[in-house]
Structures are given as C-alpha cells and as structure tokens.
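The values are calculated or read from the model by the stated rules, or taken from the named source; none is laboratory data. Remember, predicted model here, so these are calculated numbers, not experimental data. Neighbour counts run over all protein chains shown; Cβ positions are idealised from the backbone, glycine included. In case anyone asks, the SASA skips ligands and DNA or RNA and just uses the protein heavy atoms, side chains included. Shrake-Rupley method; radii C 1.70, N 1.55, O 1.52, S 1.80 Å.
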Amino acid sequence: MLSKVSSSAVYGIDAYIIEVEVCVSRGTLPYTVIVGLPDQAVKESRDRVRAALINSGYRFPSDHITINLAPASIKKEGPAFELPIAVGLLQASRQIDTPRIKDYLIAGELSLDGRVRPIKGSLSMAMKARAEGCRGMVLPAENAHEAGVVEGIEVIPVTNLVDTVGFLSGQLNIAPVRLSLEEVFSSTSSYDLDFAEVKGQEHAKRALLVAAAGGHNVLMIGPPGGGKTMLAQRLPTILPKLLPQESLETTRIYSVCGLLGQGHALVATRPFRTPHHTISEAGLVGGGTFPRPGEVSLSHHGVLFLDELPEFDRNTLESLRQPLEIGQITISRASSSVTYPACIMLVGAMNPCPCGYFGHPRKECRCTPHQIQSYVSRVSGPLLDRIDIHIEVPALEYSDLTKGPLGESSERLRQRVQRAREIQYQRLKEHGITTNAHMSSRLVKKHCALDEQAEALLHQAMMELSLSARGYTKILKLARTIADLSASEDLRLEHISEAIQYRNLDRGLWR
C-alpha cells in the first residue's frame, strides 16, 4: 500500500515542501530503502524509526519498504523526516487511519523510545506551510513557540509519536500554539547593557553615535584595557529597535543554525557577534558541504565585532568585502548556490602596534617603525576602504574612572539616532537605501554640497594631512550624518571638521 505525507526541509534559510512517499510491498524479502538523494543522517533514520515504532507499541512491517523523498533532484539532510516517515509507515501498513494528514505538514526527529526531538528551521517551515495554504504544521513541542509567531496557520506541538498519531487520527485534540508577534517582540526587546556605564572616551562615544546614525563601519585603535570591547558591546543598544520584519529575518537565520534556544520565539534585539580571530573563512561568511550561515549572517541587522583585527587570517578578512558592499553573501557549490542575508555594521578593534603600547602615556613601546607599519598593514586597503570611521581609543586616566556623573543613556542616544535615520530615510527611500553609509558617488555629489569655507577646509585637509583619495567620499558621508544628527540641511564647516577627525589611518598617524 502507498501513503503520502507532506513535510518540509530548508535550503539556505528558505523552506521547500518535501513529499514523503512510503510504499509497503508484500510477498517480497523484507528490506527497507530510502531514496531521493538522502544524506547519511537520513539513511540512518530507518533504524531510529524502527525502534521508535516498536517502543511506541506499533508493528514495524516485515515487508519490502520503499521510502521516497520527493523531489528527488534535491539532496536531503538531517533527521527532520523521521516523524513523517513513521506516520507514513503506519498508514501504509494499515495500522492507523489519519483523516487529518492531508491538512498538515509534519516534521520532527524521533528518539528510540518514540519521543519527538526538536529540529532546525521550523520558523521557515511554518512560513512555507502558510504560503502553500496548509491548515497547519505538526512540530516538536520545543519548536512550537518559534513557529507560533507565524499567523494564519495552526502550530500543533507534539511530544511523542503516540500523540502525533492520536491527533492525526482525530482521537486526540491538541490546542495549537498561538503567539502574538507584537507581544513577544515587546517583551523581549530590551538590553542588559547601557552606554551610561562607559566612563571617559567621549570622543569614541561620539564617533559610535555617528556610526549608529549613518550605518557606518568602525575601526577602533588603542592599547589594551582602553574600553574598545566595552564600547562595541554597547553599540547595539543605541541602534534603532528591530522592526518585526527585521526580527523575523534574523530569527530565521538563528533557527536554521539551531541557535534560538528552547522557549525563545524571536531574536528581538540586534545581534552582537564576536568570533575569535582563529575562525575559518567558512565560519565567518558561511560554507560547508551543506552550506550553513556564518558569523556575518548571524550578525544580520546587528553588529559584527572583530577584536584583534590584524590577527585574523588575511584571506578570511578579505571574504568580508562582498557582504560589506552588498549586504548579502553568496556561497557557490558545484551543483547549486545559496545566498544568505548579511546586512551588518562591522566594528573592528586593534592595538596600535604589536606590543600594544605605541603612544601610551605611561608604558614604553619597544616596537620599531617597520614593525608598527607591518602590523597595521595586515588589514588590507580594500577592507579599510569599506570602514568609514577610524578612531583612536587612548588609555584611560584615573580621573576618568572615578568621576561621578554618568554619560547619556542608551535610550536617549537611540532617540537621537532614530531621528537622524528618519531624515536619511526620507531623503534616500526612492533610491532603495536607508542610511548615508550606502550612498553612491552620485548621491554623495547630490546631497553633500559644500559651501566655500567647508570646501576650503576639506581641500586643506587633503593636502596637509595626507588624506587618501578614498577618504574624500568617506568624509563627505560622515559629514552628512553629523549634519543629520544636528538636523541641519546644509553641510557646514564644523561638520567637515569633525568628519576629518574620524579618518585617523588616512591621516598617517601610524606610518
């Protein structure tokens, strides 16, 4: 007898429908085969399904069993097909009658005792089920909150095979999980850190405010212990709050990687990822035999912080150029390619020299000029070209650590950033971009006109401070953001002057 069960799988972060076909043929030697380009984990499913059926009180058919995962042209991976295979076997062997089976997608991993284990990518699967017009989806209970934010479908949580069969046969009623996207989002969109906790480093805090307002990438240079990591950790707290659609996009990536955590329905705060400098290229931008998102995609709509930037492998750093330029990363394989979103703010941190104490007021640096230049040069020009702000974070003085009044809170800074972002959105929305950092040369020329005084200052800076040609456009973009923070339509002398201060590497301070 033949049975068909609808399931789903994920490629990249998008789900697609899988039809699990189970054929039980009598009168031949007992044998079970899974076809449809299964990987090793899928092939092993037959043994887990056999044990789960027997330990749940059902009979495993002693016949020739063919299990087909269609479409057969796409390679299948992972254990998410075990629950639909088990249901299909029970139906094909006439042990159960499941009138509800045509209305639901089914996905889940089985343990040997029949319990249903969580899977990856359930949010994307639920969104696909809704798009296909399905009534709902039967999922492991641990994934129910994640998929429950998708409106318009029923998400049925199950804990074991017996409950699954009971629901599909109509003998057991299980209440669907329904969550309000707005309520979940509002209850979890808070941060534990605050910018008011940072003492001193007023110049660096101002630079990060400008970076947040304009979506600019940042490189912080300073000795150990100056507060570079502390500043970077608090940058997400002053970025505009995630929109619900942005939250869903980011959550889908975490869902595919299995990083949401039990009971978490959404990623409601902007991600902050800080990989170690020994990370591989595949770990940073994604890859593998079955492509998986890397740290760049896990930072989508958030901050990717690379501490000790020159210590990263050069080729690994160069792989960042595509996502920084276009906001996505494409991983190609011989048979296919997959594209992951990667709209990020890059924040790098590095010491000014190999020992870390060049320019320190109290500790002596023993590095030679050649060693210092070689160290700084580990970060290539093309990558630096995609970083708008280069700032120095000097060592803190004792008076900075003991002063009483705290600085502005993250909430107040976020409000200023939000106002500046709204100005940019109104100016640039017809061009499909939202921040000054992504303006093209044509838009820079259109929206960054200078008066005579500002033009004279920028010309003088180019000539006397050894500013590079690529720094010219960056300074204009930064000046535009600084003007937006002060709600100024025109670029004035003070805007250009401040923007020049944020291009330390172009000014040749480490050469």
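Assigned to a loop (DSSP other than H, G, I, E, B), surrounded by 19 or more Cβ atoms within 10 Å (Cβ to Cβ) and touching a residue at least 40 places away in the same chain (Cβ under 8 Å), is that true of K128?
Criteria not met by K128.
Report yes if V87 is free of Cβ contacts under 8 Å to residues at least 60 places away in the same chain and either part of a loop (DSSP other than H, G, I, E, B) or not acidic (D, E) (or both), otherwise no.
The answer is no for V87.
I need the full set of residues from the range 312-326 which are free of Cβ contacts under 8 Å to residues at least 40 places away in the same chain, surrounded by 14 or more Cβ atoms within 10 Å (Cβ to Cβ) and either not in a helix (DSSP H, G or I) or not β-branched (V, I, T) (or both), in order please.
F312, D313, S319, Q322, P323
Of all residues in the range 167-199, count the ones that are open to solvent by 40 Å² or more (accessible area, probe 1.4 Å), of a type in the set (A, V, I, L, M) and under 30 Å from E82 (Cβ atoms).
Total meeting the criteria: 3.
What is the number of the single condition among (1) open to solvent by less than 50 Å² (accessible area, probe 1.4 Å); (2) touching a helix residue (DSSP H, G or I) at 6+ places or on another chain (Cβ under 7 Å) that G471 does not meet?
(2)
Go through (1) more than 19 Å from the chain's Cα centre (by Cα); (2) in a helix (DSSP H, G or I); (3) over 20 Å from R48 (Cα atoms) for G152 and report which single condition fails.
That leaves (2) as the condition not met.
Mind listing just one residue for me: the one in the range 68-89 that is among the β-branched types (V, I, T) and open to solvent by less than 40 Å² (accessible area, probe 1.4 Å) and, of those, nearest to the chain's Cα centre (by Cα)? Lay out the reasoning, then the answer.
Going residue by residue through the range 68-89, those that are among the β-branched types (V, I, T) are 74, 85, 87.
Next, only the ones that are open to solvent by less than 40 Å² (accessible area, probe 1.4 Å) stay: 85, 87.
Numbers: I85: 32, V87: 35 Å.
Filtering the range 68-89 for residues that are among the β-branched types (V, I, T) and open to solvent by less than 40 Å² (accessible area, probe 1.4 Å), the one nearest to the chain's Cα centre (by Cα) comes out as I85.
Between L298, L324, which is over 30 Å from L37 (Cα atoms) and either touching a helix residue (DSSP H, G or I) at 6+ places or on another chain (Cβ under 6 Å) or modelled with pLDDT of 90 or more (or both)?
On the way: L298 fails: over 30 Å from L37 (Cα atoms).
Testing whether each residue is over 30 Å from L37 (Cα atoms) and either touching a helix residue (DSSP H, G or I) at 6+ places or on another chain (Cβ under 6 Å) or modelled with pLDDT of 90 or more (or both) leaves just L324.
Given the criterion in contact with a Lys or Arg (Cβ under 6 Å, 6 or more places away or on another chain) and not small (G, A, S), identify the matching residue among V20, V42, V24.
It is V42.
Out of everything in the range 200-224 that is at pLDDT 90 or above and over 25 Å from the mean Cα position of the chain (by Cα), what residue ends up being most open to solvent (accessible area, probe 1.4 Å)?
Looking at the filtered set, the residue picked out is H203.
List every residue pair whose Cβ atoms lie under 7 Å apart, where the two residues are 6 or more positions apart in sequence or sit on different chains, the first residue falls within the range 269-284 and is over 15 Å from G348 (Cα atoms), and the second residue, located anywhere, is open to solvent by 40 Å² or more (accessible area, probe 1.4 Å) and not in a loop (DSSP other than H, G, I, E, B).
E281/N315
Check every one of the helices (runs of 4 or more DSSP H) wholly within the range 392-455 and list those with 2 or more residues that are closer than 16 Å to S486 by Cα and open to solvent by 40 Å² or more (accessible area, probe 1.4 Å).
Those helices (runs of 4 or more DSSP H) span 410-428.
Considering only the range 341-380, state which residues are touching a residue at least 60 places away in the same chain (Cβ under 8 Å) and either part of a helix (DSSP H, G or I) or out of contact with any helix residue (DSSP H, G or I) (no Cβ under 9 Å at 6 or more places or on another chain) (or both).
G356, Y357, G359, H360, K363, I372, Q373, Y375, V376
Quick test for you: out of Y425, Y472, Y502, pick the one residue that is touching a strand residue (DSSP E or B) at 6+ places or on another chain (Cβ under 7 Å) and among the aromatic types (F, W, Y).
Checking each option against the conditions leaves just Y502.
Where residues in the range 416-451 are modelled with pLDDT of 90 or more and of a type in the set (D, E), which of them is nearest to the chain's Cα centre (by Cα)?
Among them, the one singled out is E422.
Restricting attention to the range 474-502, and to residues there that are open to solvent by less than 20 Å² (accessible area, probe 1.4 Å) and assigned to a loop (DSSP other than H, G, I, E, B), which single residue is nearest to P240 (Cα to Cα)?
It comes out as S488.
Take the residues of the range 11-67 that are of a type in the set (G, A, S) and over 40 Å from the mean Cα position of the chain (by Cα): which is least open to solvent (accessible area, probe 1.4 Å)?
Across the range 11-67, the extreme among qualifying residues is S25.
In this structure, is T164 under 19 Å from V49 (Cβ atoms), in contact (Cβ under 8 Å) with a residue 12 or more places away in the chain and either part of a helix (DSSP H, G or I) or open to solvent by 10 Å² or more (accessible area, probe 1.4 Å) (or both)?
In short, yes.
Failed condition for L383, given (1) part of a helix (DSSP H, G or I); (2) over 30 Å from V256 (Cβ atoms), with all others met?
Of (1) part of a helix (DSSP H, G or I); (2) over 30 Å from V256 (Cβ atoms), only one is false for L383: (2).
Going by the structure shown, is G133 surrounded by fewer than 20 Cβ atoms within 10 Å (Cβ to Cβ) and in contact with a Leu (Cβ under 6 Å, 6 or more places away or on another chain)?
When the stated conditions are applied, G133 does not pass them.
Return the residue satisfying two criteria in turn: it lies in the range 90-125 and is closer than 17 Å to G258 by Cβ, part of a loop (DSSP other than H, G, I, E, B) and small (G, A, S), and of such residues it is nearest to the chain's Cα centre (by Cα).
Checking each candidate, the answer is G121.
Which members of the range 1-10 meet the condition of being surrounded by fewer than 19 Cβ atoms within 10 Å (Cβ to Cβ), in a strand (DSSP E or B) and of a type outside the set (D, E, K, R)? Let's see the steps before the verdict.
In the first step, residues of the range 1-10 are kept if they are surrounded by fewer than 19 Cβ atoms within 10 Å (Cβ to Cβ); the result is 1-2, 4.
Within this subset, residues satisfying the condition of being in a strand (DSSP E or B) are 2, 4.
Matches in the range 1-10: L2 only.
Could you tell me whether the range 10-27 includes any residue that is farther than 15 Å from A72 by Cα, among the polar types (S, T, N, Q) and touching a residue at least 24 places away in the same chain (Cβ under 8 Å)?
Yes, the conditions are met somewhere in the range 10-27.
Of everything in the range 275-299, what is open to solvent by 10 Å² or more (accessible area, probe 1.4 Å), over 12 Å from T330 (Cα atoms) and assigned to a loop (DSSP other than H, G, I, E, B)? Give them in sequence order.
P275, H276, H277, T278, I279, S280, G288, T289, F290
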